[in-house]
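Here the structure is laid out as structure tokens; the discussion comes afterwards.
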Amino acid sequence: MEGLEQQRDELKSLVEASDNVVFFGGAGVSTESGIPDFRSKDGLYNQVYDYPPEQIISRSFFDAHPAEFYRFYRDRMLFEGVEPNRCHRKLAELEQTGHLKAVVTQNIDGLHQAAGSRCVHELHGSVLRNFCMDCHESYPLAYILASEGVPRCGKCGGVVKPDVVLYEEPLDGAVIDQAVDAIRRADVLVVAGTSLVVYPAAGFIDYFRGGKLVIVNLSPTPLDRRADLCIQGKVGEVFDW
């Protein structure tokens, strides 16, 4: 525990000495809020369904089997009553005090904004936003939760799709540009709660040209050797200061 405390103090010093920190986060940031990650033994990829989860959350599967998609989506990807955890709250605080410039996240839960963060680049979209595929009418998460089967547009009857990036879909170009620009300009880049094995998101780290790279994760990542500070631990505990 002493080692973790020392590393946390080092991270705290690095962050508080800078006014240009960028945080790049993955699923491990939200697990403390009760949202499972993808690759742990209890994660989405290790659940048993009629189809592999990777197939279910692909665009071709959504188009061909929207009812099956939504059965999985409501069951495994929507979580009511979740709250921001220690990491989300600390990042919002660091933005308010002028140390943190931006959050780049692979998560789709909206918890960074719920904690008060304003500059958040959501690489994979958000479950909080939904739209009709025909007329593009917008719908909140509550509309999806209140519907049964395939949600339909109240105006034109079209299929309503979550504004999340499914497999086989490209990332949003404008969001990519904003995220890359923030990472490129950062003095300190903190990467947390991600295995750094999923591309293109993992490749964003290559744009960092700043002074200090910090990686926080429960298990080793392929980029640990490049980090100036590498902390193996729960993200919430590391950001609890």
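The values are calculated or read from the model by the stated rules, or taken from the named source; none is laboratory data. Here the structure is a predicted model, which means the values were calculated and not measured. Note that each Cβ is placed from the backbone with ideal geometry, even for glycine, and that neighbours are counted across all protein chains shown. When the accessible area is computed, the model is the full protein with side chains, heavy atoms only, and any ligands, DNA or RNA have been set aside. Shrake-Rupley method; radii C 1.70, N 1.55, O 1.52, S 1.80 Å.
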So how much accessible area does residue 101 have, in Å² to the nearest 10, using a 1.4 Å probe? 100
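I need to check one value: relative contact order of region 64-155, counting alpha carbon pairs closer than 8 Å and at least 6 residues apart, in percent.
Relative contact order, region 64-155: 24 percent.
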Residue 234: which lysines have alpha carbons under 28 Å from its alpha carbon, excluding same-chain residues fewer than 8 sequence positions away? 12, 41, 90, 101, 212
In deg cm²/dmol and to the nearest 500, what is the mean residue ellipticity at 222 nm of the chain if only DSSP H runs of at least 4 residues count, each as -39500 (n - 2.57), divided by the residue total? -8500 deg cm²/dmol
Rounded to the nearest 0.05, what FRET efficiency do residue 232 and residue 71 have when you use their Cβ-Cβ distance and R0 = 41 Å? 0.70
Any idea what the dipole of the chain comes to, in debye rounded to 20, about its Cα centre with Lys/Arg Cβ at +1 and Asp/Glu Cβ at -1? 180
Apply the Karplus curve 6.51 cos²θ - 1.76 cosθ + 1.60, θ = phi - 60°, to the phi angles in region 172-185 and return the couplings in whole Hz, x for Gly and Pro. 5, x, 5, 5, 4, 4, 5, 5, 4, 5, 5, 5, 5, 8
Note down the nm distance, to one decimal, between modelled labels 7 Å out along Cα→Cβ at residue 118 and at residue 80. 3.3
For the chain, what is the relative contact order in percent, using Cα pairs closer than 8 Å and at least 6 residues apart in sequence? 24
For the chain, percent of DSSP beta bridges that are antiparallel (nearest 5) comes out at 30
Residue span residue 152 to residue 4: 0.36 nm per residue of separation minus Cα-Cα distance leaves a gain in nm of 48.4 nm
Using the per-residue mean of other Cβ atoms lying within 10 Å as a proxy for protection, in what order, highest first, do the peptides 64-72, 136-144, 107-115, 81-89 fall? 107-115, 81-89, 64-72, 136-144
Both in Å, the radius of gyration and Dmax of the C-alpha trace of region 86-168 are 15.4, 46
Which whole-Hz couplings ³J(HN,Hα) result when phi for each residue of region 89-100 is put into the Karplus expression 6.51 cos²θ - 1.76 cosθ + 1.60, θ = phi - 60°, listed in order with x for Gly and Pro? 5, 5, 5, 5, 5, 5, 5, 5, 8, x, 8, 9
The FRET efficiency for residue 131 and residue 17, from their Cβ-Cβ distance with R0 = 45 Å and rounded to 0.05, is 0.60
Over its Cα atoms, what ratio of radius of gyration to 2.2 N^0.38 Å does region 117-206 give? 1.33
Area of residue 57 that stays accessible when all protein chains are in place (1.4 Å probe, Å², to 10): 10
Kirkwood Rh in Å, taken over all unlike Cα pairs in region 141-192: 14.4
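Round to the nearest 0.05 the FRET efficiency obtained for residue 97 and residue 206 when R0 = 30 Å and r is the Cβ-Cβ distance.
Numbers: r = 29 Å, r/R0 = 0.96.
The calculated FRET efficiency here is 0.55.
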Kindly write out, for region 152-158 in residue order, the coupling ³J(HN,Hα) from the Karplus curve 6.51 cos²θ - 1.76 cosθ + 1.60 (θ = phi - 60°), rounded to whole Hz, with x marking Gly and Pro. 10, 5, x, 9, 10, x, x
So how much slack lies between residue 159 and residue 138, counting 0.36 nm per residue of separation and subtracting their Cα-Cα distance, in nm? 6.4 nm
Under-5 Å amide H pairs with residue 130, H placed in peptide plane, nonlocal only: 139, 163
